Amino acid sequence: MAETLRRALNLGIAAGPGKNTAEAEPPLLLLGGSGSGKTALLFAAALEAAGEGRGPVLFLTRRPLQSLPRRTGPALEPLRLQKIRFQYPPSTRELLRFLCSAHEARGPAPSLLLLDGLEEYLVEDPGSQEAAYLAALLLDTAVHFSHRVGPGRGCGLIVALQTQEEGGDSGNALQLALLQRYFPAQCWLQPDAAGPGQCCLRASLEPGGLGPREEWWVIFQPDGEMTVTRWPTQAVDTSSHKGSSSGGQP
């Protein structure tokens with residue numbers, strides 16, 4: 001689902017007429033440390049998908065969002081927000097139960113499946129077997145929704161996972177390596193130099209072999225406003241680049 005996240009970072013601008021459909025794109029793993037803006041970018045991706053005129057967006061997270069990430073322009077249109085369906089499985093068992101019963105759900109199938117905070121569901125059973133089972137079940141659920149949506153459209157899958165600091169538990173590293181097998185496309189959020197009161201990140205998008213690597217600067221202001229600027233591909237004067245504003249909070 002690199003194209004959906006790319007559109008969110010580019011304020012809805014697609015990569016071009018040859019962009020991949022959700023059915024053709026591999027699932028994407030959004031990676032970053034605590035407070036790195038994963039939820040904000042996940043919600044931005046949900047808004048982009050909700051504005052594509054396809055099915056609803058299913059957003060899974062363990063607890064309700066305290067506030068919706070800020071967003072400017074047409075992205076926060078009521079019709080877009082109404083197409084995002086939030087579900088809050090409180091435990092791993094409830095998440096597994098929800099995914100296993102997805103085929104019984106009525107109504108239009110989601111065009112995008114999002115899971116925020118995968119690490120919170122894995123902490124109950126940190127073994128690699130549980131991680132593999134949950135990843136496979138998420139993929140199967142997205143495939144099931146894709147069959148319901150119809151050929152040529154599909155249901156995308158983006159999962160956010162909090163990464164550990166360097167030198168952390170080796171079990172977490174093994175768990176991440178296993179998950180990367182299931183999610184060929186990945187976007188890493190890494191801290192970068194920031195001004196007073198700002199949180200600055202470098203977003204590196206690896207689309208899983210379906211395009212070149214792309215990077216952005218993502219800056220969160222103290223009030224939660226998110227500014228996105230493309231990372232220059234060559235040595236250029238970055239001060240001449242105008243940041244484009246979208247919305248979010250880390």
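Among the residues of this structure, THR227 counts as one that is open to solvent by less than 50 Å² (accessible area, probe 1.4 Å) and at pLDDT below 85. Taking the condition open to solvent by 40 Å² or more (accessible area, probe 1.4 Å), in a loop (DSSP other than H, G, I, E, B), under 16 Å from LEU157 (Cβ atoms) and at pLDDT below 85, does ARG70 pass? No: the conditions fail for ARG70.
Tell me whether region 154-176 contains one or more residues that are farther than 20 Å from SER34 by Cα, part of a helix (DSSP H, G or I) and hydroxyl-bearing (Ser, Thr, Tyr). Looking for residues that are farther than 20 Å from SER34 by Cα, part of a helix (DSSP H, G or I) and hydroxyl-bearing (Ser, Thr, Tyr), one finds none in region 154-176, hence no. Of the residues making up region 84-118, just one is open to solvent by 40 Å² or more (accessible area, probe 1.4 Å), assigned to a loop (DSSP other than H, G, I, E, B) and closer than 21 Å to LEU41 by Cβ, namely TYR88.
Every residue, every condition in (1) in contact with a strand residue (DSSP E or B) (Cβ under 8 Å, 6 or more places away or on another chain); (2) closer than 25 Å to GLU52 by Cα; (3) modelled with pLDDT of 90 or more; (4) aromatic (Phe, Trp, Tyr), yes or no:
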position: PRO126; (1), (2), (3), (4): no, no, no, no
position: ASP140; (1), (2), (3), (4): no, yes, yes, no
position: GLY150; (1), (2), (3), (4): no, yes, no, no
position: CYS155; (1), (2), (3), (4): yes, yes, yes, no
position: GLY168; (1), (2), (3), (4): no, no, no, no
position: LEU205; (1), (2), (3), (4): yes, yes, yes, no
position: GLY211; (1), (2), (3), (4): no, yes, no, no
position: VAL236; (1), (2), (3), (4): no, no, no, no
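Taken together, GLY53, GLY35 contain a single residue that is closer than 16 Å to GLU77 by Cβ, modelled with pLDDT under 85, part of a loop (DSSP other than H, G, I, E, B) and of a type in the set (Gly, Ala, Ser), which is GLY53. Among residues of region 194-213 that are surrounded by fewer than 18 Cβ atoms within 10 Å (Cβ to Cβ), those with a Cβ under 6 angstrom from a residue that is acidic (Asp, Glu) and modelled with pLDDT under 90, sequence gap 6+ or separate chain, pair up as CYS200/ASP192; ARG202/ASP192.
The values are calculated or read from the model by the stated rules, or taken from the named source; none is laboratory data. Everything quoted here is computed from the prediction, not taken from an experiment. Reconstructed Cβ throughout: ideal geometry from the backbone, glycine too, with neighbour counts over all protein chains shown. Ligands, DNA and RNA are stripped out before the accessible areas are found, and what is left, the full protein with its side chains, is counted by its heavy atoms. Shrake-Rupley method; radii C 1.70, N 1.55, O 1.52, S 1.80 Å.
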